[in-house]
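Working notes, structure below.
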Amino acid sequence: MKHSTERILVSHVGSLARPKDLMEMLVARNEGKSFDSAVLAKRTRESVAEVVAKQIECGIDVVNDGELGKSNFSRYTKERLGGFVEREAGADFKPTSIFGRDMKEFTEYFNRGGRTSIGHHARVFYCVEPLKYIGQDEVNSDIANLEAALQGKKYEEAFLPAIAPGTMEHWMKNEFYKSNEEYLFAIAGAMAEEYKAIVDAGFVLQIDDPDLADAWQMHPEMSLADYRKYQQLRIDALNHALKGLPEERIRFHMCWGSYHGPHKYDIPLKDIADLILKVKATAYSIEASNPCHDHEWRVWQDVKLPDGKMLMPGVIGHYSDFIEHPQAIADRLVRYGKIVGRENIIAGTDCGIGSRVGHPQVGWAKFQAMAEGARIATKELWGRN
């Protein structure tokens with residue numbers, strides 16, 4: 001990760017809007033339906049080239065492939081790990097509610113559309129044998145598509161996202177390993193191959209771990225002390241998977257979930273900031289612009305960012321179609337820059353905007369506003385006219 005000494009660089013979290021025809025083929029592959037693999041490969045490479053060029057056009061410095069080779073930011077792993085079977089959920093299956101704490105107070109709100117849980121799929125993936133990584137072809141395709149798209153382009157760095165073991169665990173159930181700890185470390189051991197492939201290809205590896213924060217809503221029965229212990233184990237598993245990889249090539253993303261809802265009972269950043277910093281990464285991407293968490297820049301007045309580390313605060317939202325004003329974006333960046341150091345911040349998004357922002361046109365406009373906001377903040381922080 002580059003520490004810029006001249007200006008604020010601009011990036012984003014990863015997921016971008018997939019073209020309709022591409023998404024249809026990805027879903028077919030994900031669901032085990034018939035599709036033309038040659039057509040999918042060709043369309044994916046074309047789409048990645050288009051989305052990389054568009055990012056650069058909008059002023060993004062640290063670009064990615066938009067995750068266009070995946071149907072989903074997390075469940076794509078069912079195609080890349082061996083040891084799972086898909087079957088109908090049993091009568092004893094309990095879906096996970098990503099808004100469990102909010103739902104206690106806002107029951108009518110959540111029940112109005114039947115939104116009682118996430119993970120209530122009729123079919124569920126169960127681990128039934130030792131896990132192993134089988135996604136070499138898929139990750140190599142991700143790498144090759146991004147490499148091709150970057151040829152002849154001007155950019156600062158490029159990254160590829162991959163899901164964290166702790167977030168995977170919620171959606172893929174264990175029936176083989178003797179304990180959740182053993183299962184977590186098995187996931188970590190398998191995913192380590194994907195992480196290493198991305199770094200070895202010369203890209204920045206972004207670890208996506210929204211459940212570091214939003215699992216607080218999923219487990220309303222937990223006290224804060226119990227939850228911190230619960231997440232420490234998942235951070236240990238992630239660091240196990242990252243062992244041997246250079247920290248300067250790793251960044252870590254966390255958020256409070258992408259669902260539209262109150263978020264009144266999200267866990268405060270101050271209660272987990274020290275845990276976030278235990279992840280063996282150089283940069284930390286943190287949701288920071290939404291109305292529930294916009295005030296939490298103050299946390300970094302009390303929690304010291306370690307030397308050599310960087311923050312990538314979200315300065316534009318991912319589940320609103322409002323296009324943030326560049327001055328508002330600049331104000332956010334200046335606040336962070338004055339606390340942790342201007343060279344230690346990157347402008348980022350709260351989360352991936354591909355599936356939540358109402359239309360790609362709005363998403364690109366948000367990127368343009370973010371780039372302009374970074375230019376305004378650069379002038380203020382570096383004292384330029």
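The values are calculated or read from the model by the stated rules, or taken from the named source; none is laboratory data. Given the structure is predicted, the values throughout are model-derived calculations rather than measurements. Neighbour counts are summed over all protein chains in view; Cβ atoms, including those assigned to glycine, are modelled from backbone coordinates with ideal geometry.
Being modelled with pLDDT of 95 or more and over 28 Å from Tyr177 (Cα atoms) narrows it down to one of Val139, Val39, Val128, so name that one. Before you say what the answer is, go through the steps one by one.
Working: Val139 fails: over 28 Å from Tyr177 (Cα atoms); Val128 fails: over 28 Å from Tyr177 (Cα atoms).
Residue meeting the stated conditions: Val39.
Considering only residues that are among the small types (Gly, Ala, Ser) and either surrounded by 13 or more Cβ atoms within 10 Å (Cβ to Cβ) or in a strand (DSSP E or B) (or both), which ones fall in the stretch 122-143? Explain how you work it out, then say what you get.
Of the residues in the stretch 122-143, the ones among the small types (Gly, Ala, Ser) are 122, 135, 141.
Within the stretch 122-143, Gly135, Ser141 meet the criteria.
So, of the residues in the stretch 3-25 that are in a loop (DSSP other than H, G, I, E, B) and in contact with a strand residue (DSSP E or B) (Cβ under 6 Å, 6 or more places away or on another chain), which turns out to be surrounded by the most Cβ atoms within 10 Å (Cβ to Cβ)? Lay out the reasoning, then the answer.
Within the stretch 3-25, the first condition is being in a loop (DSSP other than H, G, I, E, B), and the residues that meet it are 3-8, 11-19.
If we keep only those that are in contact with a strand residue (DSSP E or B) (Cβ under 6 Å, 6 or more places away or on another chain) as well, we get 8, 11-14.
Working: Ile8: 26, Ser11: 28, His12: 32, Val13: 28, Gly14: 24.
Residue satisfying both the conditions and the ranking: His12.
Against the condition farther than 20 Å from Arg356 by Cβ, modelled with pLDDT of 95 or more, hydrophobic (A, V, I, L, M, F, W, C) and out of contact with any strand residue (DSSP E or B) (no Cβ under 7 Å at 6 or more places or on another chain), how does Val299 come out, does it pass? When the stated conditions are applied, Val299 passes them. Filter the stretch 49-80 for residues that are within 30 Å of Pro220 (Cα to Cα) and not in a loop (DSSP other than H, G, I, E, B) and give the result. Arg75, Tyr76, Thr77, Lys78, listed by residue number.
Looking at (1) touching a residue at least 12 places away in the same chain (Cβ under 8 Å); (2) surrounded by fewer than 16 Cβ atoms within 10 Å (Cβ to Cβ); (3) part of a helix (DSSP H, G or I), can you tell me which one Ala28 breaks? Tallying (1) touching a residue at least 12 places away in the same chain (Cβ under 8 Å); (2) surrounded by fewer than 16 Cβ atoms within 10 Å (Cβ to Cβ); (3) part of a helix (DSSP H, G or I), Ala28 fails exactly one: (1). Could you say whether any residue in the stretch 259-275 is without any contact (Cβ under 8 Å) to a residue 60 or more places away in the chain, among the aliphatic types (A, V, I, L, M) and not in a helix (DSSP H, G or I)? Looking through the stretch 259-275, at least one residue is without any contact (Cβ under 8 Å) to a residue 60 or more places away in the chain, among the aliphatic types (A, V, I, L, M) and not in a helix (DSSP H, G or I). Is the stretch 52-64 home to any residue that is farther than 18 Å from Gly135 by Cβ, at pLDDT below 90 and in contact with a helix residue (DSSP H, G or I) (Cβ under 6 Å, 6 or more places away or on another chain)? The answer is no, given that none of the residues of the stretch 52-64 is farther than 18 Å from Gly135 by Cβ, at pLDDT below 90 and in contact with a helix residue (DSSP H, G or I) (Cβ under 6 Å, 6 or more places away or on another chain). Residues of the stretch 177-221 that are surrounded by fewer than 17 Cβ atoms within 10 Å (Cβ to Cβ) and more than 21 Å from Arg249 (Cα to Cα): Lys178, Ser179, Asn180, Glu181, Glu182, His219, Pro220, Glu221.
Table: residues versus (1) within 21 Å of the chain's Cα centre (by Cα); (2) at pLDDT below 95; (3) in a strand (DSSP E or B).
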site: Asn145; (1), (2), (3): yes, no, no
site: Phe159; (1), (2), (3): yes, no, yes
site: Glu169; (1), (2), (3): yes, yes, no
site: Phe176; (1), (2), (3): no, no, no
